[in-house]
Each structure stands twice: as structure tokens, then as C-alpha cells.
Amino acid sequence: MLETLGALGTGFEVALKPLNLLWGFIGVTLGTFVGVLPGVGPALTVAMLLPLTVKLDPTGALIMFAGIYYGAMFGGSTTTILLNAPGESASIATALEGNKMAKAGRAGPALATSAIGSFVAGTIATVLLTLLAPLVVDVALRFGPAEYFALMVFAFTTISAVLGASTVRGLTSLFVGLLLGLAGIDSQTGQARFAFGVPELLDGIDVVVLAVGLFAVGEALYVGAYQSRLMETLEKISGSIWMSKEDWRRSWKPWLRGTAFGFPFGSIPAGGAEIPTFLSYATERKLAPHPEEFGKGAIEGVAGPEAANNASATGTLVPLLTLGIPTSATAAILLSAFQNYGLQPGPLLFQSQSDLVWGLIASLYIGNVILLVLNLPLIGIWVKVLAIPKPQLYAGILVFATLGAYSLHQSWVDLLTLYVFGLLGFAMRRWDVPVAPAVIGLILGPLAETQFRRALAISQGDASVFYTQPIAASVFALTAIVLIAPWLARRLRRKR
Amino acid sequence: MARLIQFLTVLLFAGTAAAQPSLKMMIPANPGGGWDQTGRNLAAAMQSAKLVSSVQFDNKGGAAGTIGLAQFANSAKGDPNAVMIGGMVMVGGIHLQKSPVNLSMVTPIARLTSEWEVIVVAASSPHKTMADLVKALKDNPGKVSWGGGSAGGTDHILVGLIARAVGVDPAKVNYVAFKGGGEQVPAVLGGHVTAGVAGLGEFAEQVKSGKMRALAQSGPTKVDAIPSLKEQGIAVELGNWRGIFGAPGISPPQRDALVKLVKDATETPAWKATLAKLGWTPVFLGGEDYKKFIDEDTKRIGAIIDSLGIKK
């Protein structure tokens, strides 16, 4: 243990040299400015800017990389909150309340709770990574297809929180998403489904295209069509752009709970960032003292998912550093950055290259601090975006949404699907169908299906794997409790 | 936009590198697998010799690489700086899926490596030798789950060949497809599948650290102290080749420029070190010869898959 702390200390010592800090600042700045483009998530930003780091020495490169990474994450959150156009699936949960806050004139606190929440989550997750990585990975390995499927079912039950006022409309939206998720080549048999002979559809439908289409394009069309009736939507920035005492009081618990969701999900090889962000959103909605504020811009709904997102990103370092396997796009890019310095990923990474590994952990942490220092003052500038008159603002959103969707694969089919989903989003808004369940359906549906079929293939069609394995059974039991408990509580209260 | 930004940033930081091309590389598999290692190491070799200024990667995994192939064939048309990694797995996948996109739509540049396949179990597995695993397979074929790459790929073909060689109906093999090594390695380590099948390099670090046990490999003789299938009385030999392709519709001079670029990269010390480290056999074959080889291999692999009875 002492050895570990010593190694981390050395990592910090190297990373904190003035020149390295300068590279960190440059990285954060570049990362933020590229990351704010809608449709450009952290993985893409990092991949695009990674060539810049090649010329530097390993430590300088790593810290600049860390800066780019955190800058890109924050840049993505900025676009999500201000323009309702998430750049990657992990920030979709943030869009739900974040953009509502921005419209209510509270973009400043939303951005602040996102940046500070990311910092808090990053700090805790880094400590957990340092102390617990070898233990966590042993647990993570116990997760097989049956366990993952149980987790997916658990995640599905939390969707009830985002279904909206009408269950029928919410479920309709969810099933639209599930249907869209079926499109593309099926990985277990290699057969094409719902591709209609269009090669681009063999790739499946990109969740970012769906989210930007439904959220941003749909809204721009709606505002364009009904502008005269929507006088009140965009309020002037009211109050301070900083977080008030009340905002702090309401944010710190969601930050901690978000971290508690994000880190374990990031650590398990097929966990990802989508499920913990939505779980965090649903939890905050259930626990909030003023649940009626959800849907109108509740700060808890931004603080939780943003912390979960960041903690999950740090969590993916657990399998990367202990098993040498990248489990997210960003982790894979990180690995390639490592390999530029002759580092061989694998279970022996921690022992054989500990300097570089601890240097990276220290760099990531410092990147997070730099982000906070640099971007909190910038929030004042970002929120000015919302002072742009509505017609120009929404025209701008359309332009950026289109650019973002095209930059994903440079494919015109993506543009077509973006605008088809934009029209769908317009129609859903017009008839009060919530759009979030459709996006969740598209994310979770294919994941759940793959794990379900893998589990049954391994057990030769014996469904008992879902309740005879301890972890899967416990998760299913937990799911049942989550479903039944509120109903039971209501009954008991009524009796009293 | 992405390209503009990259252009500006490259200009900003590496003014001297303007003459070298900046490659866009499609890796049609999720990060961590053999194609990913091939692509990233080849790019590193190119950069070490300053043959290119930068390489931008795009990982698009699943369905034996045909998802990435479809995207590449459609989005890279005529781009002389776009390349894609591919190989035998993709040939099998195209055949199995009756895929509307195939390798005749892209421009073959060069065959790079061949790799023997390895069969591993978790260190804690009760199967100590290949004979143990074969016995379990014969007793109850469905009970032995094999975790490998996409359905119909090299891994799947090898399992089918082993089953046929030991007298088990290949159609009864319980094969579970994973998208790339990132999901497969934990599934093997955690004992969620009975055995794992992949290229030697993909499990090398896990075997070296003692977390996995290698039971056999598909070469003709012993490699890295791992006995071959043949030495253990199973008459199967299979090499998994990997190569690189250019965009559809590039001109012959543009193709020859890429062949030269790749040829130069394979002669760098960095690439040779990679081959030694990952246990890959160099089998360079460029341009027209490579195209002929692919045509023949497409027929050969199609015949194997059909005879195994795994085509649905």
C-alpha cells in the first residue's frame, strides 16, 4: 500500500512541473473548444487531437491528453445543457434536466454543478482506483452474460421515472426506440435485420444521431412552428451565474450517489456509462424533496448523471490497468497513446510499467483540476450563447446539429436519418410523447438482447441461469424490490 | 469539420510534416482485438519512420468486420489516404451473411501477417489438457461453450474443424460470438465460457501472466512451448491472415503509392519488433498478387464453411 502511494506521489511530482501544467492547460482549452461541437463526444475529440501529443515527452503527452479528455467531456456537457444536443450517449441523461435549467435562466448553476460534480466524482473514483483496483476486478470478472442481462432488466425498470405523465405515451416512445435498436447486422448470427438493403443501415442507428434529432432538431422545428405561442420559453439569465448555497445543498448528495453508480459500472467490462447515468437520474428523481421540479430544470438531475458519467470514465481504467483490456472507445484511444511509448497492455502492466501508469492516474487527476480552474470563469461567457435572439439561436442549433451528425461517419444517410428523427421529435412534442424513453430503448435494447442470447446459448436454452447464479438472482431480487416497494409503501400509508 | 480541425492543429504543431500524408484508418473491430493491434502497430511503424504525419483511427466492430467494411466501402470512396484493416475473418463473415458488400468493392493493398489460433481456458478450469476438453466435447457437445469472434469467422471455423476431426457433428458445437477481445477476455477469465479461441497474440499477455492456460494452437509444430493440435492427434491446421485495403475507386498510381507506403512500414524495426512480440508470421503480398490470393481464399473459405454445416 505504501508503495502504491509512493508511486502515485512520484506521478504527481512529475505531472506538476510548470511546463507539464502548461501542456495540460493547452489540452483543456483545445478539448473544450472541439468538445462543444454537437455530435463530437470525448472519444472523437481525443482521437482527433491525439496526434498533437506525439511530439511531446511521455509525461507531457499524458497530461496534455488528460487535459484534452476532461476538456472534451466538459465541452460535451456544455453543448448538452445549452443547446440540448448531446455529443455522446453518456450525456443524454444530462440533457433531460440540464437544458430545462438553461431555459429557466439557470444555465450557470447547471454548468457549475456539472464541472464541480465531475471533479468530485473524479477525485473519489481516482482514490477508489488507487486503493481497490485489484479487488474490484475480481468482482468484475464474475459478471457474465446472465449477470449483465439482470443489470439491463434493472436498468429498464428505472425507465418508469422518465416515462412522463402518461404511461401509454411513455411506453410507445420506448418501443419506438427498441424497434430502431433492432436495425443492423445481428452479431450472434451475422444476419441483417430491418436494413432494407441499405448498406449504411447495416451499421445500426447511431444513438447520437437519434438523440440530436429528437432533442435538438425536433425542438428547433417545434419552436419554428409555434414561436408565436411560446413567448415564455427562454428566460433571461436570472440570479447569479454561480451556484447558490441552496444549489450546493441540493447538489452534494447527487454527486456522491452518482459516483456510487458510475464507478462500479465503469469497472465491469460491459458496464458502460449509459446505464449509471440513467440510474442516477431516476434515483435523484425519486429521492428529490421537490419531485415536481423534475421536467422543469431540477439541479439534482444534472449533478447526479454528470458525476456518474465521470466516475464511470475513471472506472474503465480498472479493467484497462489490471487486465489490459479497453472497455470503452476512450480507453482504447488511451491504450494507443500508451503504446506510442512502447507499453504493452496486459495483466502485467501495473508491475512492468508502474511509472507510466501512475503518471497517467496523476495526470488524469490534475487534468480534472485544471478543467475546474479554467472553465468555471468561462461559464459566464458560455451562458451568453443563450442571449442570442431565438430565431438566430435555433438556426445556429440546426447548423451545429447537422455538422455534428455529419462528422460522425461523413455519411449523408446520417443526415437523412437526423432529419427524419427531427420530424419524429417534432411530432412527439406536438402530441406530448416524451422523447427520452426512445433514446433509452435504442441504447439498452441491443445490449440486453445480446447478453440474453449469449446467456441462453451458454446454458443451452436453460433459463435457470438467470435465477440460480447468486449475482444475477440478487440483481433480479433488487429489481423486484424497486418495483414493488413504492406500491407497498403507498398501501401501508393508506392503512395508517 | 473534423478534418478541418485536424488540418489546422497539425499545421499548428507540426509545420514540417506538411509533405507527409495523414492517413484515415478504419479498424472494423472493437478495440483490443487482432485487427486493432495490426492497425495500431502498423500506424506506429509508419509514424516511427516518418512515412505519415498522423493516423486517425475509426473502430467499428461486429459481424465479422462487415459493418466496418460497409461503412468503409460507402464513405471512403476515392479517398487515396483512407485504408482499412481486414482479413480471413471478414472473408468468412461475408460468405456466411451473404453480405451485400464484399472485398471486391475495395482495393487490396497488401497481406501483412498470418497468425496461428490458440485454444485457452481460465487458469481455474478443470480442463488441464486438450484431451480433457475433447473428451468433454465428445460426451456432450452442447455443454462445451466456445467463446470466439464473430459468427463464421476464423475462430468459429477452427472449432468446427476440431469437432469434425474428433468425430463430433460440427452443427452441434455451442459457439458464442463476442465483439472483439474487450468482451471476450473477461468472459474466458471469469469462466463464463468453457474455452476461448483467438489468435495467439490476443491471449499472449494473459497466458504469460498465468491467468489463462493455453491447451493447443493451430500451427504445424510447437510455438512458444504450446503444442499444436496435430501433435496432439487432431489433424487440423489453420492460419489467420490479416491485411490492409484501400478505398474503392482509387487510381492504380494511388494504389501503388499505398502499397509502397505499407511495404516501407513493414521494413521498419518497429514493425519487426511487433511481429516478434505478438508471434505473427510476416507474409507480405502486395497489390495484384494479393488480389488474386483473396479471390482464391474466398472460394476456399466458402467451401470450408459450407462443409462444416454451420451456414444458416
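Under 5 Å between amide hydrogens, which residues at least 5 positions from B:Leu215 or on another chain qualify, with H placed 1.01 Å from N in the peptide plane?
Placed amide hydrogens put B:Ile119, B:Val120, B:Val121 under 5 Å from B:Leu215.
What percentage of all Cα-Cα pairs in the range A:385-496 are separated by more than 25 Å?
When all Cα pairs of the range A:385-496 are counted, 56 percent exceed 25 Å.
Taking H placed 1.01 Å from N in the peptide plane, check which residues at least 5 places from A:Ala195 or on another chain put their amide H under 5 Å from its amide H.
When sequence neighbours closer than 5 places are left aside, the close amide H contacts are A:Gly184.
Tell me which residues come under 5 Å, amide H to amide H, from B:Asn59 once H is placed; ignore anything under 5 positions away on its chain.
Placed amide hydrogens put B:Ile27 under 5 Å from B:Asn59.
I need the helices of chain A that pass two filters: whole DSSP H segments spanning 24 Å or more by Cα along the axis, and mean Kyte-Doolittle score no lower than 1.0.
A:18-35, A:58-83, A:107-141, A:354-382, A:412-430, A:436-458
In the range B:156-312, if every C-alpha pair distance is counted and binned at 5 Å from zero, what percent goes to each bin?
1, 7, 13, 16, 18, 18, 13, 9, 5, 1, 0
Magnitude of the Cβ-charge dipole of the range B:116-232, K/R +1 and D/E -1, about the Cα centre, nearest 20 debye?
240 debye
As I understand it, the value is the acute angle between the Cα axis of helix B:252-266 and the longest principal axis of the Cα atoms of chain B; what does it come to in degrees, rounded to 10?
Once rounded, one gets 60 degrees.
Which value in deg cm²/dmol, rounded to the nearest 500, describes the helix-derived mean residue ellipticity at 222 nm for chain B, given -39,500 (n - 2.57) per DSSP H run of n ≥ 4 and division by the residue count?
Counting only the DSSP helices, I get -13500 deg cm²/dmol.
Which of B:Val101, B:Ala265, A:Val120 sits farthest toward the positive end of the charge dipole of the protein assembly as shown, with +1 on the Cβ of Lys and Arg and -1 on the Cβ of Asp and Glu?
A:Val120
Could you tell me whether chain B comes out rounded, prolate or oblate from its Cα gyration tensor? Rule is a ≥ b ≥ c as square roots of the eigenvalues, rounded for a/c under 1.5, then prolate if a/b exceeds b/c, otherwise oblate.
Note, shape of chain B comes out prolate.
Tabulate in residue order the Karplus-calculated ³J(HN,Hα) for the range B:120-137, using 6.51 cos²θ - 1.76 cosθ + 1.60 with θ = phi - 60°, rounded to whole Hz; enter x for Gly and Pro.
Values, residue by residue: 10, 10, 5, 4, 8, 5, x, 7, 7, 10, 4, 4, 4, 5, 5, 5, 4, 5 Hz.
Pick out, from B:Gln232, A:Gln451, A:Tyr394, the residue whose Cα sits farthest towards the positive end of the charge dipole of the protein assembly as shown, with +1 on the Cβ of Lys and Arg and -1 on the Cβ of Asp and Glu.
Final value for the positive-end residue is A:Tyr394.
By its C-alpha gyration tensor, with a ≥ b ≥ c as the square roots of the eigenvalues, how is the range A:2-495 shaped: rounded for a/c under 1.5, else prolate for a/b larger than b/c, else oblate?
In terms of gyration-tensor shape, rounded.
Note the count of lysine pairs whose C-alpha atoms are less than 12 angstrom apart in the range B:116-232, limited to pairs 8 or more residues apart or on different chains.
Lysine pairs meeting both conditions in the range B:116-232 amount to 4.
If each DSSP helix of 4+ residues adds -39,500 (n - 2.57) and the sum is divided by the residues in chain A, what number results at 222 nm, nearest 500 deg cm²/dmol?
After summing the helix terms and dividing by residue count, I get -23500 deg cm²/dmol.
By its C-alpha gyration tensor, with a ≥ b ≥ c as the square roots of the eigenvalues, how is the range B:116-232 shaped: rounded for a/c under 1.5, else prolate for a/b larger than b/c, else oblate?
Here the range B:116-232 falls in the rounded category.
How about the range A:113-209: which chymotrypsin sites (Phe, Trp or Tyr not before Pro) there are in a DSSP loop, with at most 15 other Cβ atoms within 10 Å of their Cβ?
A:Phe194, A:Phe196
Any idea what the dipole of the range A:2-495 comes to, in debye rounded to 20, about its Cα centre with Lys/Arg Cβ at +1 and Asp/Glu Cβ at -1?
1560 debye
Can you give the mean number of other chain Cβ atoms that lie within 10 Å of the Cβ atoms in peptide B:67-73?
4
To the nearest 10 degrees, how steeply does helix B:154-165 sit against the main Cα axis of chain B, on a 0 to 90 scale?
30 degrees
Would you mind checking the tilt of helix B:2-13 against the longest principal axis of the Cα atoms of chain B, expressed as 0 to 90 degrees and rounded to 10?
Tilt relative to chain B: about 70 degrees.
Of A:Glu13, A:Glu293, B:Glu117, how do they rank once you tally other Cβ atoms within 10 Å and put the fewest first?
By the 10 Å Cβ count, ascending: A:Glu13, A:Glu293, B:Glu117.
When only Cα pairs under 8 Å and 6 or more residues apart are kept, what is the percent relative contact order across chain A?
Taking the mean separation of contacting Cα pairs over the length of chain A, I get 28 percent.
Only the coordinates and a few stated rules stand behind these numbers; no lab work does. Note that the structure is a prediction, hence the values are computed from the model and not measured. Heads up, the Cβs are rebuilt from the backbone with ideal geometry, glycines too, and the neighbour counts pull from every protein chain shown.
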